[in-house]
Amino acid sequence: MTSQFRSLRGRLVVLLLLLVTAAVAAGILMVELFRQSAAAQAGRAEAEIGRACDAITDAYRFYRAGWETAMPRLDNEGLRRDLTAVVQTALRDRPGIEGGIWQTEAGSLAYAFPTYEGGGPKIDVPQAELPRIQAVNRAALAEERQASSHYDASSQILLLTACPLPGPIPALTGWTMTRVFTFAGRGYRQLMAGLAILFASVFAAAVLLIRLTMTWSRHVSQIERALQAHDIANLPTLPTTGERELDRIVTALNEAGRRIAIARQRADQLGRQVASGERLAAIGRLAAGVAHEIRNPIAAMRLRAENALAGDAERKTQALSMVLEQIGRLDMILRRLLTVTERDEPRRQFVALRPFLDRCAGPHAELARAKGITLACEADEAAARFDADQMRGAVDNLILNAIQAAPAQSRILITARQESGNLVLSVKDEGPGPPRHIRDELFEPFVTGRAEGTGLGLSIVREVAAAHGGTARLVDSPAGTTFEIIVPWQSS
């Protein structure tokens, strides 16, 4: 629920529900106020017809005081005209009220509706209301005081009041009647108009909110699909939606995409420049290294050749031997350089680790004994898949470097183990290790800490490790120097 409320759609839906709830509550309040108003109107009307009934009583009393003869008969037309005049006099200033004089045995003796708004004067008692008129008059006689009654209909309230008329005519009462229109008339029309305006406004607001929700959801979905279809570094140009607030976001995204594209172009250009510079620098370092490595043999051969030209046959023979030796050295440098620059795809096969280490250490045993160095091999009893020839060349370079760097009467440990899903081949000696200032570039071609070294051995080790999907590194340790070749372990 909380996550839905945080979205624009959820908030608009909640706003729509609140609006509908407020409209329903306002409608109920308006109807209830109208009902209360109708009830108050009915109360005022009941009081008014009560006063009108009293007015009939006063008028009848005045009329009766002028009698000088005996009471006339109830069917006398003159009496009925006089009583009708009494009622008209009492009700002539009371809009909407009709009334008359009632006698229990004779029934209606007089009736008048002086404020009737019809086409002509109304002179007949409403036949539909006759039973109710008779009932309220009987109640007034029975209680000997003013009696009232009301009847609720669907669109109006009928109010009746009767009061006893004292005098020579027995069982005589005056009565008044009026109607209060509840769901009709001016108030009802105003209520209906107010409700119609209220609900029309709510409906219009609901339509606008639903349209806004659907429009924004559609535009947001289109923007989302457009962004998902492109790489973040190559944002598309989004079309405007026609929604002012949303178009501000679209414009900002388009501007961000334009800036990212420009930055990417600059980065690509800078990357090409950097790559070109690095290639030129690498070529320069390689050329300088090659020149440095072949310059000494060439200078030695030149010196020997010049001495041979000026010497006897024995000196010439010695010179030729030395030239051949230097040519061999040049050939070795070129072959090792080719090993660095031409990476062959490894031909992997299962190799038992302990016999493999023994074969790597065997050719160096005599050189190690000459320096008083002991070669020791330790390996897991397992077999791994790798190119034995390439890996042996890499381990040979590490062993040879260790023999050259290790002090006399020391020990070199050669190990092979499985560690964290990798095959780790390591060579550890007790020497001081390479100088600190070259350690960051130690595996680059022609980087060496020995004056007589070519600087190609460790670069060969790195290339062999990389060909097997691994790496080579120098492990810092407080005592001695350890080089490791780490490649993924392949047991099948």
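The values are calculated or read from the model by the stated rules, or taken from the named source; none is laboratory data. What you see is a predicted model; the values in this text were computed from it and never measured. Reconstructed Cβ throughout: ideal geometry from the backbone, glycine too, with neighbour counts over all protein chains shown. The protein model used for the area step is the full one, side chains on, heavy atoms only, and it has no ligands, DNA or RNA in it. Shrake-Rupley method; radii C 1.70, N 1.55, O 1.52, S 1.80 Å.
Exactly one condition in (1) at pLDDT 90 or above; (2) more than 30 Å from Y151 (Cβ to Cβ); (3) not basic (K, R) is not met by G10; state its number.
Tallying (1) at pLDDT 90 or above; (2) more than 30 Å from Y151 (Cβ to Cβ); (3) not basic (K, R), G10 fails exactly one: (1).
Return the residue satisfying two criteria in turn: it lies in segment 106-131 and is of a type in the set (A, V, I, L, M) and open to solvent by 30 Å² or more (accessible area, probe 1.4 Å), and of such residues it is farthest from A38 (Cα to Cα).
A106
Is it true that F356 is of a type in the set (F, W, Y) and assigned to a loop (DSSP other than H, G, I, E, B)?
So F356 fails the test.
Name the single residue that is least open to solvent (accessible area, probe 1.4 Å) among those in segment 34-66 being at pLDDT below 90 and of a type in the set (S, T, N, Q).
S37
Can you name the residue in segment 132-170 that is under 16 Å from A38 (Cα atoms) and among the hydroxyl-bearing types (S, T, Y) and, of all such residues, is most open to solvent (accessible area, probe 1.4 Å)?
Step by step, filter segment 132-170, then rank; the result is S154.
Could you tell me which numbered condition T69 fails, if it satisfies all but one of (1) closer than 20 Å to P170 by Cβ; (2) of a type in the set (V, I, T); (3) modelled with pLDDT of 85 or more; (4) open to solvent by 70 Å² or more (accessible area, probe 1.4 Å)?
Condition not satisfied by T69: (3).
How many residues does segment 90-111 hold that are part of a strand (DSSP E or B) and under 16 Å from R51 (Cβ atoms)?
The total comes to 2.
Take the residues in segment 389-419 that are surrounded by 14 or more Cβ atoms within 10 Å (Cβ to Cβ) and among the small types (G, A, S); name whichever of them is farthest from R348 (Cα to Cα).
S410
Which members of segment 268-285 meet the condition of being at pLDDT 70 or above and open to solvent by less than 60 Å² (accessible area, probe 1.4 Å)?
G271 - this is the single residue of segment 268-285 that is at pLDDT 70 or above and open to solvent by less than 60 Å² (accessible area, probe 1.4 Å).
Could you check how many residues of segment 173-193 are more than 30 Å from R92 (Cα to Cα) and either modelled with pLDDT of 75 or more or touching a Phe, Trp or Tyr at 6+ places or on another chain (Cβ under 7 Å) (or both)?
2
All but one of (1) crowded, with 16+ Cβ neighbours inside 10 Å; (2) modelled with pLDDT under 80 hold for V31; state the number of the condition that does not hold.
Among (1) crowded, with 16+ Cβ neighbours inside 10 Å; (2) modelled with pLDDT under 80, V31 violates only (1).
Test each condition in (1) at pLDDT 80 or above; (2) more than 60 Å from the chain's Cα centre (by Cα); (3) exposed (fewer than 15 other Cβ atoms within 10 Å of the Cβ); (4) of a type in the set (A, V, I, L, M, F, W, C) for L320 and report the one that comes out false.
Of (1) at pLDDT 80 or above; (2) more than 60 Å from the chain's Cα centre (by Cα); (3) exposed (fewer than 15 other Cβ atoms within 10 Å of the Cβ); (4) of a type in the set (A, V, I, L, M, F, W, C), only one is false for L320: (1).
Name the single residue that is most open to solvent (accessible area, probe 1.4 Å) among those in segment 367-388 being of a type in the set (D, E, K, R) and modelled with pLDDT of 85 or more.
Per the criteria, the residue is R369.
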